[in-house]
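Have a look at the structure below before the remarks.
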Amino acid sequence: MKAFVLSALVAASLMAGSLASDAHKAGLKPIPDTKKALLKLTSNPANPTTCAKVELGKILYMDPRLSKSGLISCNSCHNVGLGGSDGMSSAVGHKWTSNPHGLSSPTVYNAVFYSQQFWDGRSPHLEDQAQGPIQAGPEMAAPKEHVTDVINSIPQYVAMFKQAYGKTVNITFEKIADTIAVFERTLVTPSRYDDFLNGDKTALTKAEQKGLKTFIDKGCTTCHNGIALGGTMQAFGVTAPYKHMDVGDFKGDKNGLVRVPTLRNITQTAPYFHNGQIATLSEAIQEMGRIQLGITLSDAETASIETFLKALDGRKPEIIYPMFPASNPTTPKINVN
């Protein structure tokens, strides 16, 4: 009996090792399991990560006074307590304006691993991306001057910038966005899936391993690969049109390519697709099989892939909501119009 159990354990270990190898060959990569390797991967050499920058960036990310109305923060649409998104099919911003293209808010978690930012990939990195929503009319609607005037009018913020960047720092709009990006670069969520690819053969259950194998065998890794399991620009509707493509006017970039969303924490970021028209993960899986792979996934295959995807729920960093420094008479007044 002992020999049989030992033989079964050895076989399971060999299968897990083979599957991990297949995953690597398919282009799947884990989040590094050491702090040094992770920091090297996520830090921008032109804007190095420090504790002071991260803490300041977190406060700026949460502060609604960076918006024209004083009501909307980065966290409003990319809520770190809601999977990094907002649960809306279309993002809602200044004066309750729905996104004019019918686009939903992508999760901020693990966005550091994307090769490009925004659904149309128009931004090369998080520092550049952070500038967009603050200024966009349907989002935070704040001119650059408003943002810099708010920050420079608050002595505690000025002191924090000096602590983070040195006493001679010039607090520009770009520097504010850079600081927000430093915080966003820390929002990574390693999961049991990463533990498995990093060598822990018992990190995934047999059912989750079967789902990973189905995920690979069916060709899902063609687009959902790399550390983010997404994040690159890919053709959309390869074998058939997306059934809700008429909701909103988004057609991708100039070449019709769409930034692939990450599958990490996918259970927490419904509704799915760029216009948030699919409510359940199982339907999203089947629709992707139909329009990207040209196959009809059976209920069993769909359930198996979904079981694997649930293992991508990650360990999130602890984020304590900040107490903001007080405004004063020189701080620009809010404008809800």
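The values are calculated or read from the model by the stated rules, or taken from the named source; none is laboratory data. Just so we're clear, the structure is a prediction, and the values are computed from it rather than from any experiment. Note that each Cβ is placed from the backbone with ideal geometry, even for glycine, and that neighbours are counted across all protein chains shown.
Annotations
- Checked across region 258-266, the condition of being within 20 Å of Pro106 (Cβ to Cβ), outside any loop (DSSP other than H, G, I, E, B) and hydrophobic (A, V, I, L, M, F, W, C) holds for at least one residue.
- Pairs linking a residue in region 200-219 that is within 10 Å of Ala20 (Cβ to Cβ) and in contact (Cβ under 8 Å) with a residue 40 or more places away in the chain to a residue that is of a type in the set (Gly, Ala, Ser) and assigned to a loop (DSSP other than H, G, I, E, B), with Cβ atoms under 7 Å and 6 or more positions apart or on different chains, are Leu204/Ala311.
- If you go through region 168-198 and keep only what is within 12 Å of Ala23 (Cβ to Cβ) and surrounded by fewer than 19 Cβ atoms within 10 Å (Cβ to Cβ), you end up with just Asn198.
- Hits in region 197-234 (condition: more than 23 Å from Ala300 (Cα to Cα) and touching a helix residue (DSSP H, G or I) at 6+ places or on another chain (Cβ under 6 Å)): Leu197, Lys201, Ile227, Ala228, Gly231
Yes/no per residue for (1) loosely packed, with under 15 Cβ neighbours inside 10 Å; (2) without any contact (Cβ under 8 Å) to a residue 24 or more places away in the chain; (3) over 30 Å from Phe196 (Cβ atoms); (4) in contact with a Gly (Cβ under 7 Å, 6 or more places away or on another chain):
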residue	(1), (2), (3), (4)
Lys36	yes, yes, no, no
Leu39	yes, yes, no, no
Thr42	no, no, no, no
Cys51	yes, yes, yes, no
Val54	no, no, no, no
Ser69	no, no, yes, no
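- One residue stands out in region 78-88 among those that are touching a residue at least 40 places away in the same chain (Cβ under 8 Å) and crowded, with 23+ Cβ neighbours inside 10 Å: the one that is farthest from the chain's Cα centre (by Cα), namely Ser85.
- Subset of region 7-25 that is among the small types (Gly, Ala, Ser) and surrounded by fewer than 18 Cβ atoms within 10 Å (Cβ to Cβ) - its residue that is modelled with the lowest pLDDT: Ala8
- Near pairs, Cβ below 9 angstrom, 6+ apart or cross-chain, from region 153-170 (farther than 14 Å from Asn328 by Cβ) to any residue that is of a type in the set (Phe, Trp, Tyr) and modelled with pLDDT of 95 or more: Val169/Phe161
- Here is the figure for region 151-174: residues that are basic (Lys, Arg) and touching a Ser or Thr at 6+ places or on another chain (Cβ under 9 Å) total 1.
- Screening the candidates Lys254, Lys206, Lys210, Lys243 for the property of being among the charged types (D, E, K, R), over 20 Å from the mean Cα position of the chain (by Cα) and crowded, with 16+ Cβ neighbours inside 10 Å yields one hit, Lys210.
- Residue count for region 120-132, restricted to those that are surrounded by 23 or more Cβ atoms within 10 Å (Cβ to Cβ) and farther than 19 Å from Asn170 by Cβ: 1.
- Residues considered: Pro322, Pro261. Of these, the only one that is within 17 Å of the chain's Cα centre (by Cα) and under 30 Å from Gly137 (Cβ atoms) is Pro261.
- Condition check for Ser76: touching a Gly at 6+ places or on another chain (Cβ under 6 Å) and among the polar types (S, T, N, Q): no
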